[in-house]
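S.K.: The structure follows.
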Amino acid sequence: QVQLVESGGGLVRAGGSLKLSCAVSERTVNYVVAWFCQAPGKEREFVAGMTLSGSITYYGDSVKGRFTVFRDAAKDTVDLQMNTLKVEDTAKYYCAAGILAYARDLRSFASWGQGTQVTVSS
């Protein structure tokens, strides 16, 4: 099973930037790694995803143009660069691995990390 470990969360002011990293134990390019977020009292929702080959990236509507998902092959991580952060981006962010490109539902991802907290202050 794929092992995933997130890092990079923290506290940032609205309008600022933060980069999250997901260390992925699997190097097979057919895998899809996605980022999800979950705010208190809300359901976990899709943020961004990509194939490990880098050929496909896709985003949730609320983050398009602000967030970028990419692979750092040297570090074996899938990173999420978050720019122009908003207070409503405050959530715990999880990375997950699956095999279906363009998947956005939780059930399509069999492996999950423990999450990293992102807090955006006004």
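S.K.: Give the stretch 90-115 a look and list any residue that's closer than 17 Å to GLY49 by Cβ, within 14 Å of the chain's Cα centre (by Cα), surrounded by 14 or more Cβ atoms within 10 Å (Cβ to Cβ) and not aromatic (Phe, Trp, Tyr), or say none. Break it down into steps so the answer makes sense when it comes.
M.R.: As a first pass, look at the stretch 90-115 and keep what is closer than 17 Å to GLY49 by Cβ: 91, 93-113, 115.
Within this subset, residues satisfying the condition of being within 14 Å of the chain's Cα centre (by Cα) are 91, 93-98, 102-106, 109, 111-113, 115.
Still in the running and surrounded by 14 or more Cβ atoms within 10 Å (Cβ to Cβ): 91, 93-98, 103-104, 106, 109, 111-113, 115.
Selection gives ALA91, CYS95, ALA96, ALA97, GLY98, ALA103, ARG104, LEU106, SER111, GLY113, GLY115.
S.K.: State which residue is farthest from ASN30 (Cα to Cα) when the search covers only the stretch 65-82 and only residues that are open to solvent by 60 Å² or more (accessible area, probe 1.4 Å) and under 13 Å from the mean Cα position of the chain (by Cα).
M.R.: As a first pass, look at the stretch 65-82 and keep what is open to solvent by 60 Å² or more (accessible area, probe 1.4 Å): 65, 68, 70-71, 73-75.
Checking the rest, the ones that are also under 13 Å from the mean Cα position of the chain (by Cα) come to 68, 70-71.
Numbers: THR68: 20, PHE70: 15, ARG71: 13 Å.
By that ranking, first place goes to THR68.
S.K.: If you don't mind, there's one more thing I want to ask. Of all residues being modelled with pLDDT of 95 or more and of a type in the set (Gly, Ala, Ser) in the stretch 24-40, which is most open to solvent (accessible area, probe 1.4 Å)? Just the residue, please.
M.R.: Among them, the one singled out is ALA39.
S.K.: Ok, one more. If you scan the stretch 41-64, which residues turn out to be at pLDDT 95 or above, open to solvent by less than 20 Å² (accessible area, probe 1.4 Å) and polar (S, T, N, Q)?
M.R.: Within the stretch 41-64, none qualify.
S.K.: Here's a follow-up. Note down all Cβ pairs under 8 Å where the first residue falls in the stretch 110-122 and is farther than 20 Å from GLY16 by Cα and at pLDDT 95 or above, the second is open to solvent by 50 Å² or more (accessible area, probe 1.4 Å) and of a type in the set (Val, Ile, Thr), and they're at least six residues apart or on different chains.
M.R.: Pairs found: GLY113/VAL5; GLN114/VAL5.
Every residue, every condition in (1) outside any strand (DSSP E or B); (2) farther than 14 Å from VAL24 by Cα, yes or no:
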position	(1), (2)
CYS37	no, yes
VAL47	no, yes
VAL63	yes, yes
THR84	yes, yes
ALA101	yes, yes
ARG104	yes, yes
ALA110	no, no
GLN114	yes, no
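The values are calculated or read from the model by the stated rules, or taken from the named source; none is laboratory data. Keep in mind it's a predicted model, so treat the numbers as computed, not measured. Note that each Cβ is placed from the backbone with ideal geometry, even for glycine, and that neighbours are counted across all protein chains shown. Ligands, DNA and RNA are excluded from the accessible area calculation, which covers all protein heavy atoms including side chains. Shrake-Rupley method; radii C 1.70, N 1.55, O 1.52, S 1.80 Å.
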